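Please read the structure below before turning to the comments.
A short reminder: the numbers here are calculations on the coordinates, not readings from a lab. Model, not experiment: these values are computed from the prediction. Glycine also receives a Cβ, built like all others from the backbone with ideal geometry; neighbour counts cover every protein chain displayed.
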Amino acid sequence: MALAHDTNIIADLARSKSRDQFAVPISLGVVSPLVAVFDLTWIVLLGVVVGTVYDLLFLGGSGGTERHLGPAIAVATLYSTFAHAAQLYRAQNLLRIRWQVGRSALIWLMVFVFLATLVFLLKIGAAFSRGGMLLFLAAGLLLTAAMRLGVARACALVISSGALKPNRVVLVGLRQELAANDALSSLKEYGYAVVGVFTLPVSQDGIASEDALKARMREVIRHVRETEVDEVIVAVPWSLSNVIFAVESELRVLPIPVSLVPDTIIGRVLDRPLYELGPTTAVQLQRAPLSAAQRNLKQGMDKLLAAVSLVLLVPFFAVIALAIRLESHGPAMFLQARVGFNGRPFRIYKFRTMSTMDDGPVIVQATRNDKRITQLGRLLRKLSIDEVPQLLNVLRGDMSLVGPRPHALAHDNEYDRLIATYAVRHKMKPGITGWAQVNGFRGETPEIGMMKQRVESDLWYIEYWSLWLDIRILLVTVVRVLKSRDAY
């Protein structure tokens with residue numbers, strides 16, 4: 001039989017993904033709602049008990065237990081809402097003790113911060129006892145950690161007792177697909193037990209004998225009926241639609257689910273997020289680096305800080321501008337063409353630090369001991385003061401405080417030809433400082449490898465942007481960039 005012939009595939013699947021982690025039965029999901037109800041119950045009880053004890057100790061027993069019921073229910077409801085959003089009750093997460101303790105403590109603190117904000121905005125502070133709520137916060141912070149430990153140990157005990165069984169599945173597909181599909185080799189880790197593997201008599205190009213295929217499917221059906229199987233999983237390349245429909249047709253007689261897993265090619269596409277596109281569902285091959293809310297948040301912080309800084313720095317601007325004019329002929333500031341967000345050009349503001357103001361198709365990068373740099377300009381460049389007028393670009397919306405540094409138009413065109421991923425930097429607004437700059441990738445780039453390192457840092461920043469990352473870069477800039485010896 002095919003089952004005996006294919007047992008080596010089962011062994012190969014197990015060996016290819018053997019890891020030191022607990023295999024969680026998929027049936028553990030039935031415990032999740034019970035844990036959620038348990039959390040609601042103990043939080044309400046804790047709120048009432050803590051409030052009553054506080055009244056007895058500090059208020060002489062005035063009031064009653066019923067006055068604490070409302071706040072306790074509010075805390076329990078918020079905790080349950082945040083916990084579901086954080087996937088605290090997901091079956092696979094119930095056994096992650098350290099993760100559960102850390103995540104639940106964070107959720108507990110978020111609940112009280114949210115509740116305090118709500119109370120302040122609605123001016124309903126009289127409905128809550130401040131001392132009682134602080135005691136509730138402290139007691140709950142300790143108890144939620146203890147409860148998470150208890151839940152994890154209880155779930156582990158239930159699993160080890162054999163009360164929860166893993167879902168038993170049979171794999172049906174082409175030999176190449178069964179061996180190469182990473183999802184199938186990981187089934188045990190997600191609580192599935194593979195109890196049979198049947199390879200189909202089909203070549204990779206879809207050529208099959210109808211009689212041979214039907215005979216193999218009869219073997220599958222007989223095995224499922226003789227064994228307690230919960231599901232049949234089909235692994236066939238999606239391009240072989242005739243084989244998929246033939247397998248589906250044969251398995252209709254079985255009263256169990258039949259699932260088709262993505263093949264090795266389609267799986268790479270379906271790893272991307274899915275979203276509703278009108279009447280259909282689409283795969284998001286590429287997302288915008290920032291959502292609308294994130295863009296507004298970043299832009300709001302940029303313009304607020306730029307406006308405040310410009311107001312404070314007006315006298316400083318006047319002194320620097322006067323000093324530049326007195327030292328050499330020419331304007332105090334000059335504008336140069338740069339490439340900004342989405343490849344759109346803009347004019348960048350800078351204090352003039354050279355005797356020349358290059359802005360053409362060929363621009364020579366500044367080098368150490370460059371004779372074009374004025375004495376004052378050398379100091380301004382060393383302290384990065386020449387970049388400060390770019391606050392005007394931030395206020396105009398051309399730039400951000402933090403982002404990939406914009407290069408001169410001539411250099412931008414050159415590096416775009418030499419580095420394949422260079423243009424990806426334009427997915428975000430250029431910044432006065434950036435992740436590359438605080439990591440030392442600034443100044444002259446005589447070798448293409450140095451520019452590649454700068455580009456890699458910029459792409460990392462785009463991929464992992466957060467408001468905290470921007471704040472961190474701004475703080476580090478003062479310490480790291482201004483002390484750098486690469487600016488000249």
Q. Which value, in debye to the nearest 20, gives the size of the charge dipole of region 223-308 about its Cα centre, when Lys and Arg are +1 and Asp and Glu are -1 at the Cβ?
A. 780
Q) What's the exposure ranking of Trp468, Trp460, going from fewest to most Cβ atoms within 10 Å? A) Trp468, Trp460
Q.
What do you get for trypsin sites (Lys or Arg not before Pro) in region 207-307 restricted to DSSP loop and a cutoff of at most 10 other Cβ within 10 Å of the site's Cβ?
A. Arg252, Arg287
Q: Counting other beta carbons within 10 Å of each Cβ, put Phe198, Phe112 in order, fewest first.
A: Phe112, Phe198
Q: Return the subset of Lys303/Lys427; Lys188/Lys214; Lys303/Lys350 for which the Cα-Cα distance in this structure is over 26 Å, preserving the input order.
A: Lys188/Lys214
